[in-house]
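Here's the structure we're looking at; comments come further down.
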Amino acid sequence: NGIAKIYSDKSFGVGKAVDREHAAYFMYNWAKLTGKCKANTGVLLDDYADATEISKDSVTAVAWAVSEGIIFDADAKNLSPKKSITRGEAAAAIGKLLEKHICVWSDWTDNGDGMCERTCAADAKHTEKSAHKWNDGELTKTPESNKNGEITYTCTLCHRTKKEVAPA
């Protein structure tokens, strides 16, 4: 799926420890695959004493991780790209990645244009829209021999209701 890189010997490295550079690479590629990557590779790594130790194919990922504050402490003097990432660092990095790149959605609301809409809590500009999804309806007024009744339908997303005539 392109998230993990293959080693030069064409192996995946299943039994190998994950270093900080590879962790950045995994998360960067996940963010790209899911469309959640706000590629900010304008970060210069020159200020880090060990920046030259980063593999060429991981530089963009590490720069992204630094710019997003996901793995590397941007105030540190060293990136330690070849150092194994600890369980605590991995948990913190995954938490930051999810916080920045996964939306916690508001409840669906009726947007007034015949659609349902919800907003990402982390980014109010990020919204999703959907057509109403009406349930099967409920007979809310029983028709009589000379008087129409009423069926009420409820949107399963935003809970808007609409009424239709139930013929007599």
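The values are calculated or read from the model by the stated rules, or taken from the named source; none is laboratory data. Source: prediction; values computed, not measured. Counting neighbours? That spans all protein chains shown, and the Cβs are built from the backbone with ideal geometry, glycine included. All accessible areas refer to the heavy atoms of the entire protein, side chains included, with ligands and DNA or RNA removed. Shrake-Rupley method; radii C 1.70, N 1.55, O 1.52, S 1.80 Å.
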Task: Degrees, to the nearest 10: 87-101 long Cα axis against longest axis of the chain - done: 50
Task: Heavy atoms of residue 106: accessible area, 1.4 Å probe, square angstrom to 10 - done: 50
TODO: Work out, in µm²/s and without decimals, the Stokes-Einstein translational diffusion coefficient of segment 79-135 at 37 °C, 0.692 mPa s, Rh from Kirkwood over C-alpha pairs.
DONE: 233
TODO: For the chain, state the semi-axes of the equivalent ellipsoid (square roots of 5 times the eigenvalues of the alpha-carbon gyration tensor), sorted largest first and rounded to whole angstrom.
DONE: 54, 16, 12
Task: Lys, Arg +1 and Asp, Glu -1 on Cβ, resulting dipole of the chain about Cα centre, debye, nearest 20 - done: 300
Task: Residue-normalised accessible area of the chain, given per residue in Å² at a 1.4 Å probe - done: 63
- [ ] At most 11 other Cβ atoms within 10 Å and a DSSP loop assignment: could you name the trypsin sites (Lys or Arg not before Pro) in segment 52-120 that fit?
- [x] 77
